[in-house]
Every structure is written in structure tokens, then in C-alpha cells.
Amino acid sequence: MNFQFDHILLVVVALPASVALLLVAIGLAQGFTGLPQLPERVWKAAGLAVGFATFAISLFGIALPFDPETLGYQFVATLGGTLSHEPRLLLGVDGIGLCFLLSTAGLAPLAILSSRAETEESVRSWIFVVLMLESSLLGAITSLNLYGFLFFWAQSLLPILHWLGRWGGEGRARIATRVWATESVGLAGLLFVVFVLSEMSDAQLGQASLDLVRPISESGGTLLDLRIGLADQRMLFAILTVALVTRLPLVPLHFWLPQAHASSPTGLSILLATGFVQTAAIGLLRFALPLFPEAAFEARPFLATIGIAALAYASLVALVQKELKRLLAYTSVGYAGFAMFGIATMNDQGLTGAVVQLLTHGLATAGLFMLIGALAKRRGTTEVVAFGGLARPMPVCAAFFGLMVFSLMGFPLLGGFIGDLFVLLGSLDLSRELAIAALASMGIAASYLLWVQRRVFFGPVDEPANRGLIDLDRIERAMLLTVAIPILLIGVYPNPLLRRIEPAVLEILHQMGRASLPIDTPASASAGPSPGRLAPGEPG
Amino acid sequence: MNVVDWDEGLTASLIRWIALLPLLSALAHAAMIGILRTQLAPRVIWLFSIAAVAVSFVLSAASIFDLVGSEVAGPLVDRVGPWVGGGVGVRNFSADLSLRLDPLSAVCCVVVTSIALAIYLYVYGRIQNGALPADQVHRLFALLDLLVGSTLVLLLADNLLLFFFGWTGIGVATQLVSSFDIESKRASRAGATTFVLGRVGDLGLLAAILLLFDGLARAGAPTLSFQGVELSFRLLEGSQVEIPLFLGGGGFAVLELVGGGLAVAAMTKCAQVPVHFWLAGASRGPMSATALIHSATTVVAGSYVLLRCSFLLGHAPFSMSVLTGVGAVTVLVAGLAAATQLDLLRVIAYSTSAGLGFVLIGIGLGAYSTAAYLLLCHAFAKACWVLVLGIVHADRRGETDLRRMGGLARSMRWTHAMAALAGLAVIGVPPIGNFFAFEELTAAIVSTGRPALLAASLIGIAVLAFALARAHLLIFWGRRPLIEEPDARPGQDPAGLIQYSLTLLAIMAISVGMLSPSQFWGALFGIQQMDTIGAFLSQTLAGAPDPMLDGALRWQSIGVCVGCAFAGIGWAVFRFGRKGYRGEFEQPALGTATELLREALFVEQAIDRVLVRPLRGFSRLLLAGVVEARILDRVVVSGGAGVARRMVWSGLRRLQNGRVQSYAMLGVIALLLSVAWLGHLAGASAR
């Protein structure tokens, strides 16, 4: 394999965190020397500048030079241990990672901008949290090393816990604990898989490598060279999938998300709904499927059914929600199920669709959270009952809300449709019955989204407080445009996006394609079904 | 001259502008409303929109001459470029952005753009009268442009994906029109109903498209273009979709499922029983947009989806018979509903449903060119009729109750005459409007030999005639309104542009009737073959162009047809001609029956009771109440996390004071990092 060596990814991943840490260090130094603290606007300006710089670097340094024709990972960079068995970071992007990288880097500055009144009193902490979260999400999205993935995965949890626990509002202790409890399940599962795989690779390859690819300057095998027996594959795949879908989140492990969204400020919701969720998808696509292909293939009908059931279930629950953020969270839960359905097809169209779906759904949900944040800022509440007829005082807000909702529902010319279309196309290959069931579930999803749009924006203005509402200001409009433009571009002309995702998907399928080759285990077959117990002397 | 020449020629590359111009205009309006926040003069807005539609009209009219003049009956294809592509090998899904002009789409384009032109003129007349507030003008034209543009995309689409785009564009525009009055609760509910039922149709069409594509891909010929599908759909004959055992097992033919999806889509857009009720609510938007929805855009889309895929429907006999049955039931139910309404807008809506029921009967029988022709006649006549009633509606300041009208003929002579003309065209009184189409449809039904269907459609014609005549008489005849308004004033005839536009529509409605597909004139004058519109359309439609009946039988069928129409009119004149509305029936049984018919069998309420409310109740009580709140929240979380909560949170809480807390997080990060690292080293050292 030919890699283009470059350290630009390291810069992108490390920039937000290092600036955040630098600001903290300055703050500490000033604290010790008794000098006055840096003013808050310096923090805010620095945070925004770093956010925009990160996005600019990833756009001009990575997205534009990215070669869509190449299979495999590009911009591969390493940091840390020069020997491959030492823990280190190994970063790289393929088309899938590129999409998620760009969306997370683009949304992080918006998250800083959308800080609500309640974050105004603690701007420093807020900037710190967002920048740390951004770095860890970008790291998880680009990690080509299971160890690095675990590291960033764990790290991305902390800013969120911190935020929920400190400013989560009513019942924050309860909610933060709940998120922690769920996420710790995922963390434990990931840790377990990391232990087992490193032992396996130590046994089979002679070095405890957790790299997915190997830079050409180094010799030795990768995780993909491991030979894992079917029984082990089943166990590991199950554990890894459960660990990852706690974050996707797939029903029935979703209960933390509505509560977390309901009590997060807008900025955090934006990142929760996009990068945070997308790391789970990255984990599934990059590690779970290629490492345990036979087990994954076996699990296809099961995962697909759960995905559809999750969409239908979450849509039904959303139908009776009375609070906008919770309702939107159930949308995310439902469409996470739909994305799982796409992943479960395990063919090129289904996987492509799932990636596009996660991307556009994240963008649209982020836009909706911004709009709900704008409403909350004006009215101080997010209960559906408090609104009605807002299209009269806030036409621009209504138009953007309609655009985002239509994209979620999968209307043509908007990004959401492309994802839905490809997931359905892929699913037809798996099972036509399930595809028809998915269509029916999409119908339910449309009805509740429409209900909320109608309830909030149409009808008479009953509440006197709603009559004098001021429409979105210039900054809010600019923020929504930055989300709306990619949604429209993807919807109108999706080919550039599809051209970049498809090679990545094909590469994943190619890695999974090992499944079709006979596993040459004449020696190990007699030793037992578990390669983990193989003698250390096995050839690597 | 062949297709390739056309591909490269100038004419073909102009086709895209037919659809693009109105869409661009809609986009420009939307940008001006939403982003630039500019308020232009209504005249400028109007000029902008009508220029776009006028150019579209000129282009599509010119293209008809190209098609008629061309020797080869191939379509003109305008390929803009590759558009959506994904998948490898045999499942490769790729759709070009390409438009196709063939006789069917060309004729429909001319119809749509010409009706739109007339309606735009009418709207400007209303603006000149100061009837529209300036801030609504912009939104109205954005919606009208979107409706027209999406319809043109649908008509011209060369592949199923683009077709679907046009289809949903129409759906969105229809929803926005029906909730145009954003502050009215009723309008917003109507918009929601329109949307949800539209969504059902969308999903039906999407299912049909996906099943078709998947079937072709499995057969090794993945394609989305109409030409490709037409060439290779026979590969799907005999292939089946299994039904899961718990649903009874067995299988469905794929083509039957595809036909079923198309039928569902058509039924929702054409407002057929049992999904007819959305149209009544959707008619509460501005009258000009309503006229467009009822004539040339939304309902045309519903029938066009079947006409476009007519080659395929013959292989889905069950769906075809369902279409015929649904059409026949709708003709009767919706006709009777229109005949009993007290609300003007609901009369319009249900009469449209009934009129499209005839179109679906024709399609279900396989008489495609007849159905297409009926659709065209319906479009012109209905647009004219709705707009005339729109004048009355505006003159009465938005009053829709027929009981509060009456006696308007004296003060609104011109309007009365025009309404009579348009109404007679819709009813199909010879020799204008729908007559030739109804005659042709009757001939088609007679030639299939199904007496029940014949009876249903003849009764349907009579009922429709009665309904329209009744509405006309209640509005214009009689001495004075039943319920007298204190500040009643005489009506006023429109002048200027409104008159011109309606005259234009009336001329079109009458002249399109003369383009009989049935070789009516040929048979009269002893010419065997005539170049009729039916023959022209049937170049792209499946089946024979015109079913012919023998001389005597033909005259009999014409006689019965006309007789039914006059019977309906006569009965209406007998009942309402002198005295107008005379109150409800006093017998309870008749009163109940009227109520039942007026609400079109209470289908909407039934769906609400049987489907929507139980579903919401189920979600609220069981899913949200029990599963989410009890099982997941209490049992799983509280049980599992209770311990962790006490342990972890008590630790974390100590960090809650002061700035220390931000920095403490660093420590936690470092801790986790080292745990993971240690674990990794442990794995490494196990070597």
C-alpha cells in the first residue's frame, strides 16, 4: 500500500486541544502569580479562531487535496512510539472519515457561537469543553489504531459528563450518572476488545499491534491479518457492537440520549448529535465489520431488524413527546436505527447510504437544535405547547425549520433523501420485506415531524408572548446557512460526495471479503477454536 | 432524421429550460423572501414569474411542432449530465439529469403552461383590484412557480428518480398552498392532512421505483430511465416477492407490487376514495392556486404517473382492476358528496375527485389515450370553472356557504354566463368540453362489456351534472339568498385582465374538446383515419389509440351519455331552479343520508378514530409511559446505575466547587489514558 505521508491530520486533531490547554496553562500561571485573568472575550475570540482555523485547515489541507480515486487511507500520520508495538497514535482518513471530520470541524465553531445565556457566565469553561470535545471527536474519527480510538473515545466522554454534571439543569446529577453508566458499559466493552485483540496479535503476529494499516516504512502485520475463529468472532463482534451502539444510540440502549439532550445547552447538543454519534459509526465501519467479518455477516438480519424496529419504536415515542429537544432526540434515536439498518445491509449501497444518512441527519439535527436554542433564548422554554403560529413573527426561522425537517424526512433535493435512498437500495439486496417495512416506518417518522412543525409554526398566535418575537438575527442566520448549504448541495448534486464515500466503502467490503476466502487454519484448528490460546510461536 | 440528431441539436438542449425557468423563478422568489428580505412591487414579481412561464409555454408549444414534424416517433432527450450514481456491478444505481420530450409529455407541458399563463393573468387582475395584500403576492407567486415547475419536471423526467423529485415537489407545494393562510388553525390542519396523505403516495411511488429497480438489477439489467425500463421490464415477469410465513406465506408478483405502488400514488394525488378527503381541506388556499391544483398540476401528476408507466400496467391486472373499482366508487361517492355540499369549496373539491374517477376508470380499462384526453379536457374546463367561482368567492368577501348566495345572476351577468359555459364544459354537454372525452370513455366501457361499470359511470355523469348545476343555480339563480346578510350588496362583474384570462381559458376548454381522439369527426364525414390527438398521444401510450364502436351502438352510447348529463341538469333545475335552497330534508332518514354523503362517508373521521388515535394512545400509554419511563428508566438504569451513582457521583461532587473543577478534568483524562495504556502494555508484555 502506498501512503501519502503528511502530518496535517495531527495538526487538525491536536490544534483545538492544545490551544485549550494553553489557555488553561496561562490561566493557572496567572492564578499563581496573582495577575488578573485573561478577559473572557479573549477566550471566546481564541476559541472561535481555533475552531475556524481547524475547519479551514481540514477543508483546504485535507478535503481539497483528498484523492477520491484512491482506495484506502490517506494523510496517514503517526505520533508516539516508533516501534509498532508501542502505544501510539495512527491517524488517517478515508472518504467516510473525511465527511465526518469536515462536519465536526465545521460545527464546532457553531457550537461555540451558539452558547446560550447560561453559558455566558462561564465562557472559559465552555470554550475549554468544546475545544477538548472537538479534538477528541476528530481524533476518534481519524484513528486507524484501536488503541487510539479507545483513547479518544474515552476522552470525548469527559467534556460531556463535565458539562452535564455542572450545568445540566434540573436533575443533572441523575442525568450525568445515567450517561456515565451507559457510556461506561461501552468503555468497558471497548477495553475488553482491546485487551483480547492485543493478546491475539501478540500471539499470532509476534507483536501487540493494534494498527489497522501499516505505514510502508514498517514491517509486520496489522489487525486485519489476525485469524480469528468464528466463535471468538461472534463473542468479540457482539461485545464491540454493543459497546459502540451505546453511543449510536440504538434502541434499547438509547435512554440516556433524550435526557442528555433535554438538559444540554445548544452547543453541546450540536456536537452530541453529530460527531459524538458519528464516532460510533466509525467504530462499527472501521473496526467491527472488517475485523469480524463472518460474525458480522451472520448478524445481518438481526441487526437490520433491530434497526427497523428502533426507527418505528422511536418514531412512535416521539409522536407523544411534548418537549422539542426530547422529541428531536428521539428523532436521532430513530434515525440511528435507520443508519444501523443501512450498516447491517453490508453492501456498498447500504453502507454508503448509512454514511450519507448519518452526515445529513447530523447536519439537519444540528440546525434544528440551533433553531430550538434560538426559540429557547427568546421564550425561555422549549415546550411545544408554549409555541404556535410562529411563522408570522419569525418567517425566516420557520423557513429554516421547514428545510431541516424536510431533510430529516428525506425529501428530494435535500441531503436526507440521498441517504434514505441508498440505504433502501442496499436493503433491497438484503431483504425486500425489510425494505418495505423500513418505508412504512419512514411514514410514521414523517407524521410526527410534521406534527411538531405545524404545532410550532402554523395556526393562530395564541400566546401573547409569541406575538412580538424577533426573527433570527444575522449571526443566527449565518450559522443556519452554513448548515443548510451542505444539505442543499448534497441533495441537489450528491455525486462528489458519493464518489468519495464509495471507495472507502468498497475498501471496507474488500477487507470483509476475507470472509469469502478460506481461513487457513490447519495448524490452529486442532489446537482449538480460540486463536487467542495459540502458542506464541505461531508465524506472524 | 433520428434521435441522435435531436440529441445534439439545438432544440433538444432547450427542453431543460421548460422545466428550469419556473423553478428558477420560484427559487429567486424564495431567496428574496427568506434571505434578502426585499419587498418588490407586485407588478415586478408578477412580470418575473409570468415571463418564466411564458417562455416555458413558447418552448413547449414549439417543441410540439418539432415532434409532429419529425418522421421518427422517438422522444427528444436532453441530457444535462450525470447526476446521482452509486453502487458497483449489476446493482449500479445511476441516474442522469436528463429530460425527455415525447408526444405525451409535450402535450401535457403545453396544457400545464397555458393554464398557468391564464391563471397568472387572472392573479394580476386580482392584484390590480387590490384584492391581495402585497406581502402575500410574493409568497403566492413563489408557490405557483414551484407548483408549475415541479409539474414540468415530473412531465419531462426521463428517469424514475427525477420523476420522483418532481412528484414530491408538487406534494410540498400543494401542502404549502393548503396552509397558505398560516394563522388559521383550519388551514394548518388541512396542510397536515394534505402532507401526510401526500407522504403515503410518495412512499407508494418510492416503493414502486425501488422494487422495479431491484427487480431489474436482480435480472441483470439495472436501469432507471423510462426507455430502459420499457425495454427490459418483461424480465420481471414471473418473479415474486415472498410474504413472510407469519403473514400467511405465499408470494406477490413483483410487477403487481409495482403496479400497486403506482396505484396508491395515483389514488392519493387524484384524491380518490378512501383518501379523497385531503382535497376538500387543500382547497382553502388562494383560489388561483386552488384552480392550478385542481386542473393542471397536482391531479395531473396523479394520472400522469400511470400514463407514463402504461406499458407496465398491463402486466399488473389486479392493480388495474383496483384502479377501475376505485374510480367507479369515487365517481359515485364523491359525486354524491359534491351534490349535497353546502360549502362552495367542498363542491369544487369533490367534483374534482369525481372527474378524476372517470380518468382512473379509463386507465384501469387500459384505454390510456382516452384517459389522457379526458385529463386534458378536465384540466381546461376545471381551471375555468374554479376561477369563475373564485370571482364569486372574492366578490362575496370569502363567503363559501351556498345558502348565503343566490340571485347573483342579475348583478353578475358576465360571470353567470361564463360559469354556465365552464360548468357545461365540465359536465360534458355537446359539443363543448368533456363531451367527446366522456363519449369516448363510454365507448371504451361498452366495448369491454361490463354493465355494472357502465351503469356506475353513467350514473356518475348524471350525479356530477346534478352537483354542478345545483351549485350554479344556488349561486346565481333564485331571488335572494336563503340567509340574508344585513349588509348585502349586489355583485359586480370583473373587468380587464380577469375577463381576458377567463375568456382565454374558455376558448381553450372548448377548442380542446374539438380535438377529439375518437375520430368523431372522421366518422361523421366518412374519413377512416384522422390525425387526432389520440393518435398523437398513443405514440407513447400503450394500447390501441381509440376503441371504435359500430355506427348504431355508437349513437346509442352518445345518446345515453348526453341523456344522463341532461337528466342531472334537469333534476337540478326542477329542484333548485325557482326557489333555490329550501333547507334540509325533514325526514330523519334522508337527513342522515345527506349528512353521510356530505362528509363523504366519514372516512376522515373513521381513519382518525381507528388508526391515528389508537396509535397515539398506544405510544403515550405503553411506549412512552411504560417502556421508556418504567422499564428502561427505572429498572435498567436505576437498578444498574444506582450503585455507580452513589460511588461515582459522591466523588465527582467534591470537585464541584470553584475553578478547580475544570482543571480536575485533566486529571481524569490522564487517569483514563494511563488505564488504557497499562492495559495495552499488559497485553504486550503477555508475550
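What follows draws every value from the coordinates through simple rules; no lab data is involved. Keep in mind that this is a model prediction, so the values were computed, not measured. Here the Cβ is made from the backbone with ideal geometry for all residues, glycine too, and neighbour counts use every protein chain on show.
Please compute, over every Cα-Cα pair in the range B:283-402, the percentage with a separation greater than 21 angstrom. That fraction is 40 percent. Between A:ALA440 and A:PHE60, the modelled label-to-label distance comes to 5.3 nm, taking each label 7 Å out from Cα in the direction of the beta carbon.
Taking the longest Cα principal axis of chain A as reference, the axis of helix A:415-430 is set at about 40 degrees. Subtracting the Cα-Cα distance of A:GLN37 and A:LEU21 from 0.36 nm times their residue separation leaves 4.3 nm of extension gain.
Every helix of 4 or more DSSP H residues in chain A counts as -39500 (n - 2.57), and over all residues that averages to -22000 deg cm²/dmol at 222 nm.
When every alpha-carbon pair in the range A:387-496 is counted, what percent end up more than 23 Å apart? It works out to 42 percent of all Cα pairs.
Rounded to the nearest 10 degrees, what's the angle between the helix A:8-33 long axis and the longest principal axis of chain A, both from Cα atoms, 0 to 90? Here the helix axis deviates by roughly 60 degrees.
Considering every Cα-Cα pair within the protein assembly as shown, what fraction, in whole percent, is farther apart than 61 Å? The proportion of pairs with Cα distances above 61 Å equals 18 percent. Taking all Cα pairs closer than 8 Å and separated by 6 or more residues, the relative contact order of chain A comes to 16 percent. Where a ≥ b ≥ c are the square roots of the eigenvalues of the C-alpha gyration tensor, would you call the range B:82-134 rounded, which needs a/c under 1.5, or, failing that, prolate if a/b is larger than b/c, or oblate? It is oblate, given that a/c is not under 1.5 and a/b is not larger than b/c.
For the range B:21-153, just say rounded, prolate or oblate: build the C-alpha gyration tensor, square-root its eigenvalues into a ≥ b ≥ c, call rounded for a/c under 1.5, and beyond that prolate if a/b exceeds b/c, oblate if not. It is oblate, given that a/c is not under 1.5 and a/b is not larger than b/c. The amide H of A:GLN74, built 1.01 Å from its N in the peptide plane, has A:VAL93, A:ASP94 as neighbours under 5 Å, considering only residues 5 or more places off or on other chains. For the residue pairs A:LYS44/A:LYS322; A:LYS322/B:LYS185; A:LYS44/A:LYS325; A:LYS325/B:LYS269; B:LYS185/B:LYS382, alpha carbon separations beyond 31 Å are given by A:LYS44/A:LYS322; A:LYS325/B:LYS269.
Relative to the longest principal axis of the Cα atoms of chain A, the long axis of helix A:495-512 makes an angle of roughly 30 degrees. Based on the alpha-carbon gyration tensor of the range B:191-253 and its eigenvalue square roots a ≥ b ≥ c, which shape applies: rounded if a/c is under 1.5, prolate if not and a/b is larger than b/c, or oblate? Taking the square roots of the gyration eigenvalues as a ≥ b ≥ c, the range B:191-253 is oblate.
One chain, two ends: B:ARG397 and B:PHE318. Fully extended at 0.36 nm per residue, the span grows by 23.7 nm beyond their Cα-Cα distance. Across q = 0.32 Å⁻¹, the range B:17-64 modelled as identical point scatterers on its alpha-carbon atoms has Debye log10 I(q)/I(0) values of -1.12, in the order of the q list. One quarter of the convex hull surface built on the alpha carbon atoms of the range B:560-605 amounts to 4.8 nm², the projected area averaged over directions.
Take the Cβ atoms of B:ARG410 and B:THR503, set R0 to 22 Å, and the FRET efficiency comes out at 0.55. Direction-averaged shadow area of the convex hull around the Cα atoms of chain A, nm²? That works out to 24.7 nm², a quarter of the Cα hull's surface.
Multiplying the residue separation of A:ILE470 and A:ASP225 by 0.36 nm and removing their Cα-Cα distance gives an extension gain of 82.2 nm. Across q = 0.09, 0.13, 0.21, 0.22 Å⁻¹, the range A:169-300 modelled as identical point scatterers on its alpha-carbon atoms has Debye log10 I(q)/I(0) values of -0.33, -0.63, -1.18, -1.25, in the order of the q list. Under 13 Å from a label point set 7 Å out along the Cα-to-Cβ vector of B:MET514, the amide N atoms of the range B:416-439 belong to B:431-433. Against the empirical 2.2 N^0.38 Å (N residues), the range A:191-262 has a Cα radius of gyration ratio of 1.44.
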